[in-house]
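There's a structure below that I have some questions on.
The values are calculated or read from the model by the stated rules, or taken from the named source; none is laboratory data. If you're wondering where the values come from, they're calculated on a predicted model, not measured in any experiment. Please note: Cβ atoms are built from the backbone with ideal geometry, for glycine as well, and neighbour counts cover all protein chains shown. Accessible surface areas use protein heavy atoms only, side chains included; no ligands, DNA or RNA. Shrake-Rupley method; radii C 1.70, N 1.55, O 1.52, S 1.80 Å.
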Amino acid sequence: MKVLKFGGTSVGSVSSILNLQKIVEKEAKRQPVIVVVSALSGITDQLIATSQLALKGDEGWRLEFDTMVERHHKMIDAIITDPHDREVLFKKVDSLFEQLHSIYYGVFLIHDLSHKTEDTIVSYGERLSSNIVATLIRGAKWFDAREFIKTEEKQGKRSLDSELTNKLVSDTFEDLSRISLVPGFIAQDRESGDITNLGRGGSDYTAAILAASLSAEVLEIWTDVDGFMTADPRVIKGAYTINELSYAEAMELCNFGAKVVYPPTIYPVCVKNIPIKIKNTFNPEGQGTVIKSYVENNQKPIKGISSIKGTTLITVTGLSMVGVVGVNRRIFSSLANNGISVFLVSQAASENNTSIGVKDEDAANAVKVLNEEFRLEIEDGRMFPMYAESGLATVAIVGENMKRTSGISGKLFGALGRSGISIIAIAQGASEMNISFVVKGSDLRKSLNVLHDSFFLSEYKVLNLFICGIGTVGGKLIEQIKSQYEELKLNSNLKLKVVGIASSKNAIFDRDGLNLDNYREELKESEPSTPEHLRDAILNMNIFNSVFVDCTASRDIAALYQSLLENNISVIAANKIAASSAYENYYRLKQTALLRGVKFRFETNVGAGLPIIGTINDLRNSGDKILKIEAVLSGTLNFIFNEIGADIPFSETVRRAKEQGYSEPDPRIDLSGTDVVRKLVILTREAGYKVEQEDVEKHLFVPDDYFQGSVEDFWKRLPALDADFEQRRQKLSNEGKRWRFVATMEYGKTNVALREVSANHPFYNLEGSNNIVLLTTDRYKEYPMQIQGYGAGASVTAAGVFANIMSIANI
Ligand code: ADP
Ligand code: ASP
Ligand code: MG
């Protein structure tokens with residue numbers, strides 16, 4: 001025979017309950033089955049919530065009650081077609097609801113809700129659902145679980161009276177019907193006869209008790225997922241089904257929060273060596289999971305990851321605890337005597353410090369009990385009062401293969417460390433099958449994702465991008481990401497997920513990825529945002545593998561980099577402000593990135609998409625030394641000096657540069673060389689020299705006083721320079737030379753100047769707004785390395801940013 005247990009979602013809707021019927025009828029053709037059912041999904045919670053309303057004297061309990069009645073009525077209407085069956089069932093169900101109504105009314109009137117009453121109230125969920133299923137499945141015989149599942153109270157804790165239960169179960173099911181139907185969860189106190197239960201999620205346990213007592217061939221747990229998975233699929237999108245688990249592994253995972261099986265379920269069937277199968281009611285053909293004693297070695301060092309929220313860590317410590325006799329015995333017995341269970345212990349070898357993990361709701365009581373237990377030692381100063389930290393989470397990685405594989409802890413803690421997650425306590429059992437650790441509650445989701453990604457190698461590597469700035473460069477970048485998305489997924493197993501987009505005024509976020517088709521509309525409709533909001537929102541999302549991409553020119557956004565890097569978020573900047581700011585700031589950003597194991601990249605700061613910084617880095621990494629850099633780095637100035645001619649005076653070239661979008665809105669920023677100075681400073685620093693913007697010698701071609709006053713004045717005065725320029729230009733032209741605004745660095749000394757280059761110079765033929773860089777190094781001495789091409793433009797800059805993103809993805 002088999003025992004089949006169906007959870008709340010399997011009886012929660014018309015379609016699921018009809019699936020259940022098919023599954024059971026098919027199985028029952030082969031052998032007798034016992035079917036255990038939970039309450040309709042959500043009903044146990046609703047029963048409890050309604051009792052709380054009644055307790056508070058809130059009339060709202062009636063509405064909640066009515067919705068429960070209606071939900072059951074609708075279900076019966078939809079699935080029970082035979083009029084007679086339906087009438088009998090309605091009578092039964094309505095009489096149960098009548099009793100329940102009276103109990104609630106009593107609670108409402110006298111404002112009192114004892115444990116006994118609460119237990120009675122929650123029992124109605126399974127009593128109702130099991131009667132419905134028993135009517136639906138023709139020939140099914142309904143049993144009252146209270147008659148054979150017996151509990152007892154010991155030291156304030158309720159537990160199963162296994163001996164009595166086993167005997168009663170054997171007697172009850174001596175002659176097995178083809179289909180027996182049993183409500184899960186509910187039980188009866190063997191002394192008082194009161195209704196009790198096996199704890200939340202306890203229907204699994206009911207089924208296991210039956211399976212073990214009757215030596216079933218298998219215990220099948222039918223639920224709403226494809227089996228036992230590598231992690232909770234509601235948190236980890238890439239979690240997948242584990243086909244085989246040992247009892248011990250399943251036990252470890254369930255004890256640490258894998259809700260799919262209620263922990264006490266495993267022991268009774270494990271003792272009898274009865275396999276447990278986890279199957280999906282919504283996908284009966286799926287392979288599911290088998291839990292049994294021996295499983296094939298599947299190469300993966302760990303099987304699954306699970307977690308418990310709401311952990312409190314209590315630290316028992318003192319100056320001279322070594323002298324206190326029996327500390328551990330006293331900690332554990334005092335807590336056990338007060339019904340507090342400890343699920344994690346970590347002790348330093350010095351014995352001076354023991355940390356124990358308890359549930360948040362037990363924390364206050366545990367602290368009180370321990371302070372009381374060690375009152376004398378605390379008073380005489382040998383120990384400190386208990387210190388409790390709440391709101392934490394415990395994560396466990398589990399797998400029998402850990403015993404045989406070295407380096408698991410290294411991998412575990414390395415992955416967490418790189419993601420900026422700090423570990424508050426660690427425990428590893430000598431069985432080496434479980435490593436558990438405690439983190440801040442707010443780091444839980446990120447920890448699970450990081451670990452799942454590093455241990456289970458999900459199908460895709462994911463990079464989570466926050467893109468700031470949706471002007472020409474940011475806009476183009478988003479377009480490029482959108483058009484390359486499928487290609488990268490297919491060929492590079494990489495998912496570039498844009499999880500945040502910010503304009504100068506608004507910001508939108510979605511940890512599952514934003515829709516890149518209508519982000520502009522979504523931004524418009526979103527709440528206004530400031531750089532500080534943006535930073536806080538990003539840090540609060542706390543996603544692993546995150547990259548902040550700055551496509552703005554904003555000083556305020558550049559000011560966010562430090563805190564982002566400190567929180568293990570890589571930064572890619574098209575914005576030049578940070579890398580050209582005070583050397584100390586530049587250095588600190590780079591060091592922070594290094595320390596945190598993330599990246600700070602800004603390739604497009606110089607020469608847009610041209611691989612200049614990357615090349616300098618590569619040369620230096622291979623041991624080369626950058627001796628000299630000569631470069632034309634301003635597309636605007638190059639345009640101006642290419643345009644200037646007999647019939648196009650200097651002032652006109654500046655005007656054209658502005659009109660054609662080459663220059664900054666205020667062209668003085670270009671003419672003053674500010675932009676070139678910034679770029680030169682960045683290149684010089686990347687070449688390994690320390691330099692500030694003020695250190696750059698400037699030889700400008702527009703007198704200083706033109707840069708004071710308003711832009712209007714500037715435009716008015718500009719033509720006054722034309723005559724002198726024309727005279728110099730003619731002379732230059734006669735000599736066969738051209739002007740180029742050149743940035744130079746030689747052994748760390750820097751200058752920018754308007755230079756005259758002759759026809760044989762590599763800068764002579766530099767077209768339009770192109771950039772060129774000559775790198776003289778130890779290895780490229782006689783013939784410098786030359787990099788040349790478009791030095792400006794949204795598409796090439798966005799492509800450069802994209803290349804930076806890919807360089808991070810490929811690490
Ligand atoms: P039922 O009502 O059928 O008893 P539960 O809600 O108690 O179902 O348990 C199933 C749920 O357990 C799944 O929907 C899933 O969200 C959650 N869960 C947590 N961890 C795991 C895991 N490792 N594998 C599968 N499911 C898990
Ligand atoms: N209905 C009970 C609960 O929700 C028991 C179960 O579903 O297993 O906890
Ligand atoms: Mg369950």
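If I ask for residues that are closer than 20 Å to residue 479 by Cβ and either within 24 Å of the chain's Cα centre (by Cα) or open to solvent by less than 30 Å² (accessible area, probe 1.4 Å) (or both), which ones from the stretch 518-530 would you list?
519, 522, 523, listed by residue number.
Restricting the search to the stretch 2-44, which residues are within 11 Å of residue 281 (Cα to Cα), in contact with a strand residue (DSSP E or B) (Cβ under 6 Å, 6 or more places away or on another chain) and away from ligand 3 (no atom under 16 Å from the Cβ)?
Matches in the stretch 2-44: 24 only.
How about the stretch 619-677: which of its residues are more than 18 Å from residue 711 (Cβ to Cβ), of a type in the set (Gly, Ala, Ser) and modelled with pLDDT under 95?
The answer is 634, 635, 645, 646.
Also: Among the listed residues 146, 158, which satisfies the condition of being crowded, with 16+ Cβ neighbours inside 10 Å, modelled with pLDDT under 95 and more than 16 Å from ligand 1 (Cβ to nearest atom)?
The match here is 158.
When you look at residue 125, is it open to solvent by less than 20 Å² (accessible area, probe 1.4 Å), more than 29 Å from residue 292 (Cβ to Cβ), within 15 Å of ligand 2 (Cβ to nearest atom) and not polar (S, T, N, Q), yes or no?
Here the answer is yes, as residue 125 does meet what is asked.
Of all residues in the stretch 412-434, which are crowded, with 17+ Cβ neighbours inside 10 Å and closer than 30 Å to residue 538 by Cβ?
Scanning the stretch 412-434 gives 412, 415, 416, 419, 420, 421, 424, 425.
While we're here: Identify all residues within the stretch 56-72 that are open to solvent by 50 Å² or more (accessible area, probe 1.4 Å) and either part of a helix (DSSP H, G or I) or touching a Cys at 6+ places or on another chain (Cβ under 8 Å) (or both); write none if there are none.
Once the filter is applied, which keeps residues that are open to solvent by 50 Å² or more (accessible area, probe 1.4 Å) and either part of a helix (DSSP H, G or I) or touching a Cys at 6+ places or on another chain (Cβ under 8 Å) (or both), the stretch 56-72 yields 62, 63, 64, 66, 67, 70, 71.
Conditions tested, residue by residue: (1) touching a helix residue (DSSP H, G or I) at 6+ places or on another chain (Cβ under 6 Å); (2) within 30 Å of residue 460 (Cα to Cα).
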position	(1), (2)
729	no, no
733	no, no
736	no, no
739	yes, no
751	no, no
792	yes, no
795	yes, yes
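Out of the residues in the stretch 250-267 that are among the hydroxyl-bearing types (Ser, Thr, Tyr) and surrounded by 18 or more Cβ atoms within 10 Å (Cβ to Cβ), which is farthest from residue 359 (Cα to Cα)?
In this case the residue turns out to be 265.
Hey, can you tell me all the residues within the stretch 213-259 that are more than 16 Å from ligand 3 (Cβ to nearest atom), out of contact with any Ser or Thr (no Cβ under 9 Å at 6 or more places or on another chain) and either closer than 23 Å to residue 37 by Cα or basic (Lys, Arg) (or both)?
Of everything in the stretch 213-259, those that are more than 16 Å from ligand 3 (Cβ to nearest atom), out of contact with any Ser or Thr (no Cβ under 9 Å at 6 or more places or on another chain) and either closer than 23 Å to residue 37 by Cα or basic (Lys, Arg) (or both) turn out to be 215, 216, 217, 218.
The rows are residues; the columns are (1) at pLDDT 95 or above; (2) surrounded by fewer than 24 Cβ atoms within 10 Å (Cβ to Cβ).
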residue	(1), (2)
216	yes, no
224	yes, yes
238	no, yes
241	no, yes
248	no, yes
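Yes/no per residue for (1) of a type outside the set (A, V, I, L, M, F, W, C); (2) in a strand (DSSP E or B); (3) surrounded by fewer than 21 Cβ atoms within 10 Å (Cβ to Cβ); (4) out of contact with any Phe, Trp or Tyr (no Cβ under 9 Å at 6 or more places or on another chain):
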position: 85; (1), (2), (3), (4): yes, no, yes, yes
position: 96; (1), (2), (3), (4): no, no, yes, no
position: 99; (1), (2), (3), (4): yes, no, yes, no
position: 102; (1), (2), (3), (4): yes, no, yes, yes
position: 116; (1), (2), (3), (4): yes, no, yes, yes
position: 120; (1), (2), (3), (4): yes, no, yes, yes
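Failed condition for residue 514, given (1) in contact with a helix residue (DSSP H, G or I) (Cβ under 7 Å, 6 or more places away or on another chain); (2) of a type outside the set (Phe, Trp, Tyr); (3) at negative phi, with all others met?
With (1) in contact with a helix residue (DSSP H, G or I) (Cβ under 7 Å, 6 or more places away or on another chain); (2) of a type outside the set (Phe, Trp, Tyr); (3) at negative phi applied to residue 514, the lone miss is (1).
All but one of (1) surrounded by fewer than 19 Cβ atoms within 10 Å (Cβ to Cβ); (2) over 25 Å from the mean Cα position of the chain (by Cα); (3) not polar (S, T, N, Q) hold for residue 327; which doesn't?
Every listed condition holds for residue 327 apart from (1).
Does the stretch 775-789 contain any residue that is touching a residue at least 60 places away in the same chain (Cβ under 8 Å), surrounded by 16 or more Cβ atoms within 10 Å (Cβ to Cβ) and under 30 Å from residue 478 (Cβ atoms)?
yes
Could you tell me how many of the residues in the stretch 1-35 are open to solvent by 10 Å² or more (accessible area, probe 1.4 Å), outside any helix (DSSP H, G or I) and within 16 Å of ligand 2 (Cβ to nearest atom)?
Here the count works out to 3.
Among the numbered criteria (1) within 14 Å of ligand 2 (Cβ to nearest atom); (2) among the small types (Gly, Ala, Ser); (3) over 23 Å from residue 139 (Cα atoms), which single criterion is violated by residue 213?
In the conditions (1) within 14 Å of ligand 2 (Cβ to nearest atom); (2) among the small types (Gly, Ala, Ser); (3) over 23 Å from residue 139 (Cα atoms), residue 213 misses (1) alone.
Which residues, taken from the stretch 723-748, are basic (Lys, Arg), out of contact with any Lys or Arg (no Cβ under 8 Å at 6 or more places or on another chain) and touching a residue at least 12 places away in the same chain (Cβ under 8 Å)?
Answer for the stretch 723-748, where residues must be basic (Lys, Arg), out of contact with any Lys or Arg (no Cβ under 8 Å at 6 or more places or on another chain) and touching a residue at least 12 places away in the same chain (Cβ under 8 Å): 729, 737, 738.
Let me ask something additional. So which residues in the stretch 177-222 are under 15 Å from residue 24 (Cβ atoms), within 11 Å of ligand 1 (Cβ to nearest atom) and assigned to a loop (DSSP other than H, G, I, E, B), if there are any at all?
184, the sole residue that qualifies.
I've got another one for you. Looking at 225, 169, can you tell me which residue is within 16 Å of ligand 2 (Cβ to nearest atom) and not in a strand (DSSP E or B)?
225
Here's another thing I want to ask about it. Can you find a residue that is among the hydroxyl-bearing types (Ser, Thr, Tyr) and either open to solvent by 40 Å² or more (accessible area, probe 1.4 Å) or in a loop (DSSP other than H, G, I, E, B) (or both) anywhere in the stretch 36-49?
yes
Output the residues belonging to the stretch 258-294 that are within 16 Å of ligand 2 (Cβ to nearest atom), part of a loop (DSSP other than H, G, I, E, B) and either out of contact with any Asp or Glu (no Cβ under 6 Å at 6 or more places or on another chain) or of a type in the set (Phe, Trp, Tyr) (or both).
258, 259, 260, 262, 281
Quick check on my filter: what residues within the stretch 235-257 are within 16 Å of ligand 2 (Cβ to nearest atom) and either more than 29 Å from residue 544 (Cα to Cα) or in a loop (DSSP other than H, G, I, E, B) (or both)?
257
So, of the residues in the stretch 189-209 that are more than 16 Å from ligand 3 (Cβ to nearest atom) and touching a residue at least 60 places away in the same chain (Cβ under 8 Å), which turns out to be least open to solvent (accessible area, probe 1.4 Å)?
Applying the filter and picking the extreme gives 196.
Being in a strand (DSSP E or B) and either surrounded by 20 or more Cβ atoms within 10 Å (Cβ to Cβ) or modelled with pLDDT of 95 or more (or both): is that true of residue 534 here?
no
Within the stretch 5-19, which residues are within 12 Å of ligand 1 (Cβ to nearest atom) and under 17 Å from residue 203 (Cα atoms)?
5, 6, 7, 8, 9, 10, 11, 12
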